[in-house]
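Notes for the one structure printed next.
No lab work stands behind these numbers, since they all come straight from the coordinates. On a predicted model such as this, the values are computed, not experimentally measured, just so you know. Note that we place each Cβ from the backbone using ideal geometry, even for glycine, and neighbour counts take in every protein chain shown.
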Amino acid sequence: MLDIKIVRERADFVKERLATRGAGDERAIDEILALDEVRRARLGEAERLKAQRNAASKEIGALMAQKKAAEAEARKAEVRSIGDRIAVLDREAAEVEGKREQLMLQIPNLPDASVAVGKSAEDNPVIRTWGRAAAVEFTPKSHVELCESLRLVDFARGAKLSGSGFLLYTGWGARLERALIQFMLDLHTREHGFTEVSPPFLVSEHCMVGVGQFPKFRDQAYAAREGLDDSSLGKLFLVPTAEAPVANIHREEILPESQLPIRYVAYSPCFRAEAGAAGVGTRGMIRVHQFDKVELIKIVKPEDGYAELEAMVGNAERILQMLGLHYRVIGLCTGDMGFASAKTYDIELWAPGQGSWLEVSSCSNCEDFQARRMNLRYKDAEGHNRFPHILNGSGTALARLFVTLLETHQQADGSVLIPEPLRPYLGTDRLVPPTP
RNA sequence: GGAGAGGUGGCUGAGUGGUUUAAGGCGCACGCCUGGAAAGCGUGAGUGGGCUAAUACCCCACCGGGGGUUCGAAUCCCCCCCUCUCCGCCA
């Protein structure tokens, strides 16, 4: 959520920044300001009347103590009408404030000044590229063929269990998935200074609002229900990313400055309903309803936010480098950035079998946008409470990493060579087709 | 799911309608005292909102959350949430 004071005092700047996203959010600002104006007017009058009433009530107490009942009764009648007026003003102020909050929750974050202005993914600048596509000596197979010939994923039975968009990993495939998760968790905890946490995979609405998933993207989530009790529907949601629980760990807390920076890494499955989205239902593992991900979360002092973002991208890149994968880092332009983010880098892997780049990581600094929503603060050296920057990044997403690993390291004979750092985790240096 | 107990400031712990401006204690910060410390004494310190140039005054609200009664609610009434204990069910 934006700071209402910034909206009030620098409305033109806020509108200009929002306009760069190209979604028309700036149009709601004037309405927010009008509601804010009314709220403060009602509140001001109500508070003046409350001060009057407080003083009068004290006098009534004193009169009662002096047994001056008649005088006390007279004062009571007088104060009663003030109370009625206060009730009306309070109700109006609360109503207007509620409307203002609803609108504020729908406003996305302001892009940082360093973010390229653009309309869509086509305007995203490529920041750097690592490695290169392997020299082609044979026609690379797609991961679907490889998964089937190596018996890593049973697409048909996955769909039989849960419908399209769900995967059944089998044998070495299941083992490879687990090995990748553990490899990434170990690297981030041992070498990158992250603390591992294992969060709930169902979270409350509060958590979803806190990170900015709700209320705007409510239709994208899977909602859980307890048994047949319809009234419980909407209390818990399957996590779309570990960001939802992990970024909220310290919600509504005031952290001592000495505790920052906080760096968490968590594995979780991610559930995406993707209602109405194109692509689910296409063959393969590129776009699915459930995938695994190792997520990085940082809670840092504002002055450290952008240095920590660069470091986080580096942490994710390190995974890909160690696995010998060809990737590029792109900066999302204003029109392509997520709702809560002020600045985002995506990392895309080259998938030879697809002949395309696949996004496996998105690292964002949300600045204090989420911290405001979840009321997370820290006490600085001067004793003032401040909102920290909250960052999130995939380190990395699994299904597409799995795809790219297979397609990149496939050999002419149909086997897949396992990169050296992964071998101790997987327990083999090569995946070979099973003998019939 | 059943029964019971509870939720008050950083912690502890009083408070069942009006000098509570939330007592007392512990802890914290600063000062006095001291050669230095401890003890002792003194002072200060919460969160949000409004008004502001102000993180200065002043005002309003906040005792798990939300309603209600009242001139006045931590206190009385209603609803909800959470925690703990025991029982049941369960991996």
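Tabulated data for the structure shown
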{"item": "Isotropically averaged projected area of chain A, using the convex hull of Cα atoms (one quarter of hull area), nm²", "result": "27.7"}
{"item": "Local net charge near A:C366, Cβ-Cβ under 11 Å (Lys/Arg +1, Asp/Glu -1)", "result": "0"}
{"item": "Angle in degrees between helix A:398-409 and the longest Cα principal axis of chain A, rounded to the nearest 10", "result": "20"}
{"item": "Cut-off 14 Å between beta-carbons: net charge of the residues surrounding A:P436, Lys and Arg +1, Asp and Glu -1", "result": "0"}
{"item": "Helix axis angle, A:305-322 relative to chain A longest principal axis, alpha carbon, degrees", "result": "20"}
{"item": "Linear extension gain, A:Q290 paired with A:E95, 0.36 nm per residue minus alpha-carbon span", "result": "66.2 nm"}
{"item": "Loop GluC sites (Glu not before Pro), segment A:214-274, which have at most 14 other Cβ atoms in a 10 Å radius of their Cβ (DSSP)", "result": "A:E252, A:E253"}
{"item": "Amide N of segment A:38-59 lying under 12 Å from the label point, which is placed 7 angstrom from the Cα of A:E71 along Cα→Cβ", "result": "A:59"}
{"item": "A:V197/A:N375 FRET efficiency (R0 22 Å; Cβ-Cβ; nearest 0.05)", "result": "0.60"}
{"item": "Cα-based Rg and Dmax for segment A:283-427, where Dmax is the largest Cα-Cα distance (Å)", "result": "17.9, 66"}
{"item": "Estimated [θ] at 222 nm from DSSP helical runs (n ≥ 4, -39500 (n - 2.57)) normalised by residues in chain A, nearest 500", "result": "-13000 deg cm²/dmol"}
{"item": "Among A:335-348, A:128-141, the order from most to least packed when residues are scored by Cβ within 10 Å on average", "result": "A:335-348, A:128-141"}
{"item": "Using distinct alpha-carbon pairs, which all enter the 1/r mean, Kirkwood radius of segment A:11-99 in Å", "result": "15.9"}
{"item": "Between helix A:172-190 and chain A: long-axis angle, C-alpha atoms, 0 to 90°, nearest 10", "result": "60"}
{"item": "Order of A:S362, A:S162 under a 10 Å beta carbon neighbour criterion, fewest first", "result": "A:S162, A:S362"}
{"item": "Theoretical FRET efficiency, 1/(1+(r/R0)^6), r = Cβ-Cβ of A:A133 and A:L417, R0 22 Å, to 0.05", "result": "0.85"}
{"item": "Estimated FRET transfer efficiency when R0 is 56 angstrom, pair A:A41-A:S164 (beta carbons, to 0.05)", "result": "0.55"}
{"item": "Rounded Å value of the spacing that divides the Cα centres of segment A:5-38 and segment A:346-375", "result": "27"}
{"item": "Violating pairs (Cα-Cα greater than 31 angstrom) within the set A:K15/A:K235; A:K216/A:K298; A:K50/A:K99; A:K141/A:K343; A:K141/A:K216; A:K119/A:K379", "result": "A:K15/A:K235; A:K141/A:K343; A:K141/A:K216; A:K119/A:K379"}
{"item": "Distance (nanometres) between label positions extended 7 Å along Cα→Cβ at A:L105 and A:S81", "result": "4.0"}
